[in-house]
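The values are calculated or read from the model by the stated rules, or taken from the named source; none is laboratory data. Predicted, not measured: the structure shown is a model, and the values here were computed from it. Please note: Cβ atoms are built from the backbone with ideal geometry, for glycine as well, and neighbour counts cover all protein chains shown.
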Amino acid sequence: MAWASTYSNRGKLLEQIIEVANRQYRNKGIAEIQKIATPVKVLRTDKNGKIYGFWEKKSTVDFIGVCNGIPIAFDAKETTGKSLKFDNIHKHQIEFMTNWQQRGGQAFLVVYFSELNRYFRLSILELLQYMKNPLKSNKKSIPIKYFEEYAIELKTGQVFVLDYLKGLRK
């Protein structure tokens, strides 16, 4: 399926890949992960089926589930270039993931650097560590170098289309 290069479709490819991985994890009895829909208030539908509406409230994260008894919550982020802009990570998402982690779950970002064709899993703890660092707190993005050092690089192919749960522990 081809996607137009628009703001609204940014991240759709990554979400599709994760959905395939979720089916693979389910089929192997490893995890049950569900996509969380953002609530939309539909105002009208035109004769061509186009829907007009607005977001009813902010979404928390893209996916929630359980893997080998571990509750997980994560958001999928896709970026071009060699950094992830903080503008792509919303305050309410950080708060949700922080609360999730504090209550015994695992919370993280799955980030796809599309131009580099590289995937990473960055825990909420590492994200918070970066954001709280006084030397980095004035930055507008997280460079790939930080991901290379503190995140887990994810592999594609072999058993799973994207093995984003590999090595996940309590």
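Can you tell me which of (1) under 24 Å from residue 33 (Cβ atoms); (2) surrounded by 13 or more Cβ atoms within 10 Å (Cβ to Cβ) is the one residue 139 doesn't meet?
With (1) under 24 Å from residue 33 (Cβ atoms); (2) surrounded by 13 or more Cβ atoms within 10 Å (Cβ to Cβ) applied to residue 139, the lone miss is (1).
Scan (1) in a helix (DSSP H, G or I); (2) without any contact (Cβ under 8 Å) to a residue 40 or more places away in the chain for the single condition residue 135 breaks and write down its number.
The number of the failed condition is (1).
Every residue, every condition in (1) touching a Lys or Arg at 6+ places or on another chain (Cβ under 7 Å); (2) surrounded by 12 or more Cβ atoms within 10 Å (Cβ to Cβ); (3) within 30 Å of residue 44 (Cβ to Cβ); (4) without any contact (Cβ under 8 Å) to a residue 60 or more places away in the chain, yes or no:
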residue	(1), (2), (3), (4)
72	no, yes, no, no
82	no, yes, no, no
86	yes, yes, no, yes
128	no, yes, no, yes
131	no, yes, no, yes
157	no, no, no, yes
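Name the residue, out of 122, 127, that is closer than 23 Å to residue 93 by Cα, of a type in the set (A, V, I, L, M), in contact with a Phe, Trp or Tyr (Cβ under 7 Å, 6 or more places away or on another chain) and modelled with pLDDT of 95 or more.
Answer to the selection: 122.
If residue 142 passes every condition in (1) within 22 Å of residue 72 (Cα to Cα); (2) in contact (Cβ under 8 Å) with a residue 12 or more places away in the chain but one, which one does it miss?
(1)
Could you say whether any residue in region 114-124 is part of a strand (DSSP E or B), more than 18 Å from residue 36 (Cα to Cα) and of a type in the set (Lys, Arg)?
Checked against the condition, which is being part of a strand (DSSP E or B), more than 18 Å from residue 36 (Cα to Cα) and of a type in the set (Lys, Arg), region 114-124 yields at least one hit.
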